[in-house]
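Structure record follows, encoded as structure tokens.
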Amino acid sequence: MEQAAKTVVITGAASGMGRATASRFHAHGWRVVAIDVVEAEPPATTGAGEASGATAATGEWLAAKADVRSRAELDALLGSLLGEGARIDAVANIAGVYPPTTLDRYDEATYRRIFDINVLGVVNVIAAARPYLGEGSAVVNFASVDAFQVSRGQLFYGASKAAVVMLSKSLALELADAGIRVNGIAPGWVSTPGNAATGRMEAAAGSIPLGRVAEPDEIARWVELLVDPATVSFMTGETIVLSGGDVIR
């Protein structure tokens, strides 16, 4: 009997690291539930930054428009896409926003947006996926190096990502009895459209010990590694920093 494809739920799947991660899993035969606020187009073929190492996209692509701030929306979405008795093998919470904030220039709406997407969104996605998660399933939450080292002008963003690190620890303990692992990734500078739009990526690369920023697919490979029970079955509650030596813990 042919083995059913594994299923991964990925948020922020329309661009950047989310896109690279979704493309990599798709190319390696997974059924990808690609969640974003805009429809995430399926990768036609593997190319630069999309699932290098595979020759063709082989998995199933389920593009889903949803706002991670709404638990009810996510519940309904997964129920309609997956159905009763389905299994989710992995979740990657990659959606996030990082508008600049300081004490002198903040407002409540910006605070709500950052924390509702970056923190509440992570909890909502895991809670909606929980009925489909079982022993051997894994969750990867995206934090940031800003969770560990202060970045000027990112008052709320850094705090939100520090919260993601602690959420990952707490959820790792809460879900351990069910055999579900929860870990995190804290990227530094990555060559994404959002980072490019800041105009600071080239200067940032010069300050990184390895002399460059990361490519999105380099981060995506770590998601694959962290959800693979054959390689990291005894690791949970940890957040790995991927910064090229810019932030060393």
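Might you check whether a residue that is outside any helix (DSSP H, G or I), at pLDDT 95 or above and within 24 Å of Leu242 (Cα to Cα) occurs anywhere in the range 129-137?
Our first condition is that a residue be outside any helix (DSSP H, G or I); within the range 129-137, this holds for 133-137.
If we keep only those that are at pLDDT 95 or above too, we end up with 133-137.
Narrowing the set further to residues that are within 24 Å of Leu242 (Cα to Cα) leaves 137.
Yes, there is a match, as at least one residue in the range 129-137 is outside any helix (DSSP H, G or I), at pLDDT 95 or above and within 24 Å of Leu242 (Cα to Cα).
Taking Val213, is it touching a helix residue (DSSP H, G or I) at 6+ places or on another chain (Cβ under 8 Å) and buried (at least 21 other Cβ atoms within 10 Å of the Cβ)? Working first, answer last.
Numbers: touching a helix residue (DSSP H, G or I) at 6+ places or on another chain (Cβ under 8 Å): yes; buried (at least 21 other Cβ atoms within 10 Å of the Cβ): yes.
Here the answer is yes, as Val213 does meet what is asked.
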Contact list please: Cβ distance under 9 Å, first residue in the range 168-182 and without any contact (Cβ under 8 Å) to a residue 12 or more places away in the chain and within 18 Å of Asp228 (Cβ to Cβ), second residue buried (at least 22 other Cβ atoms within 10 Å of the Cβ) and of a type outside the set (A, V, I, L, M, F, W, C), pairs at least six apart or on different chains. none
Total residues in the range 1-44, condition farther than 22 Å from Val190 by Cα and among the small types (Gly, Ala, Ser): 4
How about the range 165-210: which of its residues are small (Gly, Ala, Ser), modelled with pLDDT of 95 or more and surrounded by fewer than 19 Cβ atoms within 10 Å (Cβ to Cβ)? Ser170, Ala176, Ala178, Gly179
Which ones in the range 166-190 are in a loop (DSSP other than H, G, I, E, B) and in contact with a Gly (Cβ under 8 Å, 6 or more places away or on another chain)? Ala178, Gly179, Ile180, Gly188, Trp189
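Checking the structure you have, find out if any residue of the range 161-173 is small (Gly, Ala, Ser) and in contact with a helix residue (DSSP H, G or I) (Cβ under 7 Å, 6 or more places away or on another chain). Let's see the steps before the verdict.
Keep residues of the range 161-173 that are small (Gly, Ala, Ser), which gives 162-163, 168, 170, 172.
Right, trim to in contact with a helix residue (DSSP H, G or I) (Cβ under 7 Å, 6 or more places away or on another chain) and you get 162-163.
Yes, there is a match, as at least one residue in the range 161-173 is small (Gly, Ala, Ser) and in contact with a helix residue (DSSP H, G or I) (Cβ under 7 Å, 6 or more places away or on another chain).
The values are calculated or read from the model by the stated rules, or taken from the named source; none is laboratory data. Being a predicted model, the structure only gives us computed values, none of them experimental. Note that each Cβ is placed from the backbone with ideal geometry, even for glycine, and that neighbours are counted across all protein chains shown.
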